[in-house]
Structures are given as structure tokens and as C-alpha cells.
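The next block holds one structure in the form of C-alpha cells; read it before the comments.
The values are calculated or read from the model by the stated rules, or taken from the named source; none is laboratory data. Here the structure is a predicted model, which is why all the values come from computation and not from measurement. So basically every Cβ, Gly included, is an ideal-geometry build from the backbone, and we count neighbours across all protein chains shown.
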Amino acid sequence: MPRSPNPVELRCTLELESLAMTQGYRIVAGCDEAGRGALIGPLYAAAVILDPAISIPGVNDSKKLTARRRELLAEEIRAKAVAWRVVSVTAEEVDAINVYEASRQGMLRALKALIPAPDFILTDAMPLRENGVDFRIPHHAIIHGDALSVSIAAASILAKVDRDAHMAKLHVAFPQYGLARNKGYGTRDHLNALARFGPCSEHRKTYQPVKDCLLPFSTAVAPV
């Protein structure tokens, strides 16, 4: 694969997928994650194989879309994609293996679950390695991939929508952190709640803002 396009003018297109196909690949998947920087809850990863003959207008980097637009596009992606899969990596695993490795493992799990299996993969700046060696399926890690590749952008949308839905459920269990608003990121209201109430069982204990609040608090547990 050639180098990633110059990101001066980021346009989300099928150009990278088309380039792969001109080199003989038939089934191209895009993958991405959501929630790497959040202080609480699982990290979500998604993998998507799009049909190049079926257009889904408006697919772009999930961060550039409104929540409602993401939800509508997610429905369309699920309906029209050749295959898609979303997986979660728990906060405990993020703490155990670090968030970068958790992002990689999440993407690999999503990719392995795709049927049919891809023969080429586009990732958002994530080299895919397993057991210390390159992943067995050829792949290309692209800086700003979610703003350049429709397949990666579609994966970013599915991961973001599913993670936001999980944050809404966590908000019911732990309303004191304002998760419905901040989606688990370190906003002022979230940090103030951490300082006041301490972390809960779903917080990522290795993240510094959470570590700073671990003592003298005991970890809050959602009511049964």
C-alpha cells in the first residue's frame, strides 16, 4: 500500500479501499476504537466490511458528527455492510494491559469475528500485532484514518454509538458522575464528582485522575 494521503485536506472516501483492491485484495475491512481517553467503563472497538457498490452518504469521522447523526448512520451501516462486529474491552483489562494494547486487542477481536474474513485491513493509526509479530492479515495503519477511509469511519461510528449507549446505562447506576453528559471523559464535572465521591467499580484505576482519588475512598459499587 502507498503512504497515507496528505491530511491537509481530510476527505472521507473509498480511495484507500479502492487502492487495496487494485492490488488484488477483495475484502477490505476498516477498524477503529472509541473511549481510549475515557476515565470509566469499557473501551469499544469495531470492524466493518463495506460493499463498495452500496453508498452510505454522510459516513465520516464519528467525532465530526452529532449523536443523532451517528445513531442514524449506525443503523444504516449495520443494514448495508457486508459484515460488522463491535466488541468491548473491560476497564479491568484496560488497567491490566494498558489502553494502547487494549485498543489493539479490541480491534483484533472484532476483526477475527468478521464473516467473511477480510483479506486486507485499514486501521486508524494502529499497527496490528499478535504475540509479538505482525497480524497474519495484511494491514495498513493510517494517521487520521477515520477522516480518510469510509470503512474506518464506519467502524468509528459503530464503536462510538455502542459505547455511548453503555455510558447511558452506567449513568443510571452511577448518576453522580454525570456520564450521560460527559460520556466518561475527564470533564470538569466528572473530575469534581471524582473528588467528592471517589471512583466507582467501573473507573479505570490506572488513569491518573482516578488514581489521585482512590484514597481515602473505597470504591463505590452499583446497587443490585
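Residue pairs whose Cβ atoms lie under 8 Å apart, separated by 6 or more positions or on different chains, with the first residue in segment 176-203 and free of Cβ contacts under 8 Å to residues at least 40 places away in the same chain and of a type in the set (Phe, Trp, Tyr) and the second buried (at least 18 other Cβ atoms within 10 Å of the Cβ) and in a helix (DSSP H, G or I), are Phe197/Tyr177. Filtering segment 104-131 to residues that are out of contact with any helix residue (DSSP H, G or I) (no Cβ under 9 Å at 6 or more places or on another chain) and either small (Gly, Ala, Ser) or crowded, with 24+ Cβ neighbours inside 10 Å (or both) leaves Leu111, Ala113. Remark: pairs (first residue in segment 90-112, touching a residue at least 24 places away in the same chain (Cβ under 8 Å); second residue polar (S, T, N, Q) and not in a helix (DSSP H, G or I); Cβ separation under 8 Å; 6+ apart in sequence or on different chains) = Val94/Thr206; Asp95/Thr206; Asn98/Thr206; Gly106/Ser88; Met107/Thr123.
For Pro199, the conditions (1) surrounded by 15 or more Cβ atoms within 10 Å (Cβ to Cβ); (2) under 30 Å from Trp84 (Cα atoms); (3) outside the structural domain of Val89 (by TED's automatic domain parsing); (4) not aliphatic (A, V, I, L, M) are fulfilled apart from (2).
In the set Asp95, Asp134, only one residue is acidic (Asp, Glu), touching a Phe, Trp or Tyr at 6+ places or on another chain (Cβ under 9 Å) and surrounded by fewer than 23 Cβ atoms within 10 Å (Cβ to Cβ); that residue is Asp95.
Can you find, within segment 10-26, the residue that is surrounded by the most Cβ atoms within 10 Å (Cβ to Cβ) among those that are among the charged types (D, E, K, R) and out of contact with any Asp or Glu (no Cβ under 9 Å at 6 or more places or on another chain)?
Result: Glu17.
Within segment 137-167, how many residues are closer than 17 Å to Ala102 by Cβ and touching a Phe, Trp or Tyr at 6+ places or on another chain (Cβ under 7 Å)? Matching residues across segment 137-167 total 3.
Quick check on Asp164: is it surrounded by 23 or more Cβ atoms within 10 Å (Cβ to Cβ) and within 30 Å of Ile49 (Cα to Cα)? When the stated conditions are applied, Asp164 does not pass them.
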